[in-house]
Structure formats: structure tokens, C-alpha cells
Amino acid sequence: MKTWVALLFLGISAACGADTTPTPAATRAPDETAALDVLHKAGEAQATYFKINRRYALTFDELVEAHLLSADPSTVQTGYDFKLRPAADAQTYRLLVVPGNSTTGARHFFTDQTGVIRAESGKEASADSPEVK
């Protein structure tokens, strides 16, 4: 009976033009420890991928498919958005990590093929940002 009622509601909502897209779970507060863990794992995965393929992965999906990462990093798990930016020739890459919730004072992170993790408070991190010790 509950299923029938839910289907009826969805049908009526769709007919009325209501948005029936489920709302995403509330964004988790940024967890720096989790983000740094992902940065370390992604750097190791990229280094291994490069040794095997003579280029860096273009997407996290490539690293997952190669069994070098267990899953694509998610905002739901860490509270951070991960943006992998490979160069056109895939001989270098940048990984930008920004808090999913822009109202917090959480740090932003950056790493690249050097493996050095850098951070900034309140703004996007870059290769010129201070190194995380």
C-alpha cells in the first residue's frame, strides 16, 4: 500500500511539473584528515598509473578501473570536492581540493605529480602555497 501511495505521489508530482529529483544528502563538514588521506592515496595511485601507462590518469574513474583507488573521492565522505586536472599530454596533473561547504573556514589543498601537498586557508591552494607538514 505504501509503495502504491508513493508511486501515485510521484506520478501526480511529475504531472504537475514538480521536481521529483531526490535532494542530495546534506554536505558533510570538511574533514581535513579524510581529504589528506585521499590526497596521499591519489598521489600514490597516479605514480603507479604513470609507471604502468607512461602517462597520468585523466580521471578518477581510470584509477578505480586500474584498481589503484577503491572509489572516486566524494564530498559526502570527506566534505571536500576533488578536481583532477591533467595536462593535455597527461605528463603532469594537478589535484585541487576545495571544501564542499564554502561557509566554513576549512583549508583548501593542492598537489601535483611532485607529490607535495600544499594548503591555503580561505582561498584556492596552488603550487605556490605553503607545504603541509
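Every residue in the range 47-84 that is polar (S, T, N, Q) and in contact with a Leu (Cβ under 7 Å, 6 or more places away or on another chain), please.
Of the residues in the range 47-84, the ones polar (S, T, N, Q) are 48, 53, 59, 70, 74-75, 77-78.
Correct list: Thr48, Thr59.
Take the range 71-87 and flag every residue that is of a type in the set (Gly, Ala, Ser), over 14 Å from Glu32 (Cβ atoms) and modelled with pLDDT under 95. Spell out the reasoning first.
Looking only at the range 71-87, we keep the residues that are of a type in the set (Gly, Ala, Ser), and these are 71, 74, 79, 87.
Narrowing further to those that are over 14 Å from Glu32 (Cβ atoms): 71, 74, 87.
Hits for the range 71-87 are Ala71, Ser74.
Considering only residues that are acidic (Asp, Glu) and part of a strand (DSSP E or B), look in the range 87-133 and name the one that is surrounded by the most Cβ atoms within 10 Å (Cβ to Cβ).
Narrowing the range 87-133 to residues acidic (Asp, Glu): 89, 112, 120, 124, 128, 131.
Retained after the next criterion (residues that are part of a strand (DSSP E or B)): 112, 120, 131.
Values: Asp112: 20, Glu120: 15, Glu131: 8.
Ranking the candidates gives Asp112 first.
The values are calculated or read from the model by the stated rules, or taken from the named source; none is laboratory data. Every value quoted in this text rests on a predicted model; they were computed, and no experiment measured them. Every residue, glycine as well, gets a Cβ built from its backbone with ideal geometry; the counts of neighbours run over all protein chains shown.
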